[in-house]
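Just below is one structure, and these are the notes that go with it.
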Amino acid sequence: MKKIINVLFLSASILLLSGCKTYLTTDVKLSKLVDANTDYIDGNIYIEVPSCTSYDDSRVESKSLKNIKSRVPVAFKDAVFKECFSQKMNSFAMFTIPIHVSRSTTKKDKDNEHINIVHTSFNFLGVSIPSYFSKRAKKTFNNNGVIDMSKTTITFNVLNDTKKSYSVRVFGSFIGGTPGLSRDINIEHNQTAQIVLSDVSSSQAFIEGFVPVIVLPK
């Protein structure tokens, strides 16, 4: 009987997670992006959970949080759990992950174990998600009905900490909350541009493997 109850609790926690939201955010300093010596930058993954703590005892982690904590490091290599917190009526498990900075759109310059951002002379900032990573994430989350990673909300907080301004073109994103398929903006010195990928752009990154976000107009 006890085994049946445990299975029911686990199944319930998975069902509750199946509609949860996932967010990927990273702060991108342009000085680091254009520096050829930069290999990785930090990113954060936020995954919505029904609760951080057990209903029976608030000092104990909830089963849904334990479930996510066991799965995330499998999908995201080198992921580190930081905290679980509540914001308004929602609870989130937060993990830090390394994001690889690639200097080419070719496969040999990508890190198959991690999410990549691509910086080239034309693709100023793009998102590349290798098929190996996507398959591993799908096996860990999607196939178990936990999370659909292709619906992840991806946000870049782009800080221009260089001494020059950049005139760029942004595709398929919300810029400061305003949507646009293609929009030219200037990122001035000491200015931060918040760029949130549209649902279509995020899906393209996970399903097709690459999506351009910022390019330098010719």
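Only residues that are part of a loop (DSSP other than H, G, I, E, B) and either among the hydrophobic types (A, V, I, L, M, F, W, C) or crowded, with 17+ Cβ neighbours inside 10 Å (or both): list them for region 49-87, please.
So in region 49-87, the residues part of a loop (DSSP other than H, G, I, E, B) come out as 50-52, 54-60, 62, 76-79.
Within region 49-87, 50, 51, 52, 60, 62, 76, 79 qualify.
Here residue 118 passes the criteria (1) under 27 Å from residue 190 (Cα atoms); (2) touching a helix residue (DSSP H, G or I) at 6+ places or on another chain (Cβ under 6 Å) except the one numbered (2).
Considering region 171-218, and only residues there that are in contact with a strand residue (DSSP E or B) (Cβ under 7 Å, 6 or more places away or on another chain), among the hydroxyl-bearing types (Ser, Thr, Tyr) and in a strand (DSSP E or B), the residue that is surrounded by the fewest Cβ atoms within 10 Å (Cβ to Cβ) turns out to be 182. Enumerate the pairs (first residue in region 177-194 and under 23 Å from residue 161 (Cβ atoms) and touching a residue at least 12 places away in the same chain (Cβ under 8 Å); second residue anywhere and part of a strand (DSSP E or B) and basic (Lys, Arg)) with beta-carbon separation below 6 Å, excluding pairs fewer than 6 apart on the same chain, so at least 6 apart or on different chains. From region 177-194, the pairs are 184/169.
Screening region 118-140 for residues that are part of a loop (DSSP other than H, G, I, E, B) and among the hydrophobic types (A, V, I, L, M, F, W, C) and picking the one that is modelled with the lowest pLDDT gives 122. Applying the criterion of being farther than 17 Å from residue 126 by Cα and of a type in the set (S, T, N, Q) to the residues of region 161-170, the residue that is surrounded by the most Cβ atoms within 10 Å (Cβ to Cβ) is 162.
The values are calculated or read from the model by the stated rules, or taken from the named source; none is laboratory data. Keep in mind the model is a prediction, meaning the values are calculated, not measured. For neighbour counting, all protein chains shown are included, and Cβ atoms are generated from backbone atoms with ideal geometry for every residue, glycine included.
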